[in-house]
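Before any comments, here is the structure.
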Amino acid sequence: MSDEEHHFESKADAGASKTYPQQAGTIRKGGHIVIKNRACKVVEVSTSKTGKHGHAKCHFVAIDIFNGKKLEDIVPSSHNCDVPHVSRTDYQLIDISEDGFVSLLTENGNTKDDLKLPTDDTLLTQIKDGFAEGKDLVVSVMSAMGEEQICALKDIGPK
């Protein structure tokens, strides 16, 4: 074949998969898992003993990280489950538009205008009240499997 070696630069997220496989028996409470094509945080794991026909089973109870719905799944512990790549990024809040979208400042100085205000009422009122008072707010955006949502808020003082 060819004598020259090929070197590949690994770029973050360039064509990368939204999930990676992990053995079901190694997923713990507090970890993440994909159930019914939704990224979820595991709140409870119970493992059943091996039966007459083989596999021990893992029973996962998890909560969707974007809409808060409870989902359950039972998987043989030796099989692989999909685990989502979940990332959390902080952005500074610049503006809230009339139609419910927020304008955020990224670390490199660009703006990000494609995120809606969160559906969680307490977080929504905290963001609106803090913005109305003119505070400098930093929002945490959780992203997984092509979905993004504001999940937390930090006050870094008055403007």
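The values are calculated or read from the model by the stated rules, or taken from the named source; none is laboratory data. Remember, it's a predicted structure, so these values are computed and weren't measured experimentally. All Cβ positions, glycine included, derive from the backbone under ideal geometry; neighbour counts span all protein chains shown. Surface areas here come from the heavy atoms of the whole protein model, side chains and all, with no ligands, DNA or RNA. Shrake-Rupley method; radii C 1.70, N 1.55, O 1.52, S 1.80 Å.
Under 6 Å between Cβ atoms, at least 6 apart or on separate chains: pull out the pairs that start in region 23-42 with a residue that is farther than 20 Å from Ser143 by Cα and end on any residue that is outside any strand (DSSP E or B).
Ala24/Ser77; Ala24/His79; Gly25/Ser77
For residues that are within 21 Å of Asp155 (Cβ to Cβ) and not acidic (Asp, Glu), scanning just region 83-96, find the one that is surrounded by the fewest Cβ atoms within 10 Å (Cβ to Cβ).
Arg88
Pick from Ser103, Ser77: which is open to solvent by less than 50 Å² (accessible area, probe 1.4 Å) and in contact with an Asp or Glu (Cβ under 6 Å, 6 or more places away or on another chain)? Walk me through how you get there before you give the answer.
Numbers: Ser77 fails: in contact with an Asp or Glu (Cβ under 6 Å, 6 or more places away or on another chain).
The conditions single out Ser103.
Six or more apart or on different chains, Cβ atoms under 8 Å: show the pairs whose first residue is in region 123-142 and among the hydrophobic types (A, V, I, L, M, F, W, C) and whose second is in a loop (DSSP other than H, G, I, E, B) and surrounded by 14 or more Cβ atoms within 10 Å (Cβ to Cβ).
Note: pairs meeting the criteria are Leu124/Leu117; Leu124/Pro118; Ile127/Leu117; Ile127/Pro118; Met142/Ile65; Met142/Phe66; Met142/Val86.
Taking region 117-159 only, how many residues are open to solvent by 50 Å² or more (accessible area, probe 1.4 Å), modelled with pLDDT under 85 and closer than 21 Å to Lys69 by Cβ?
Final tally of qualifying residues: 4.
Just name the residue that is nearest to Ile156 (Cα to Cα) out of those in region 106-116 that are open to solvent by 40 Å² or more (accessible area, probe 1.4 Å) and outside any strand (DSSP E or B). Full working, then the answer.
Of region 106-116, the ones open to solvent by 40 Å² or more (accessible area, probe 1.4 Å) are 107-111, 113-114, 116.
Next, only the ones that are outside any strand (DSSP E or B) stay: 107-110.
Values: Glu107: 15, Asn108: 19, Gly109: 18, Asn110: 20 Å.
Among them, the one singled out is Glu107.
Between residues in region 45-63 that are surrounded by 16 or more Cβ atoms within 10 Å (Cβ to Cβ) and residues that are part of a loop (DSSP other than H, G, I, E, B), which pairs lie under 6 Å by C-beta distance while being six or more apart or on different chains?
Val45/Lys29; Lys57/Ser48; Cys58/Ser77
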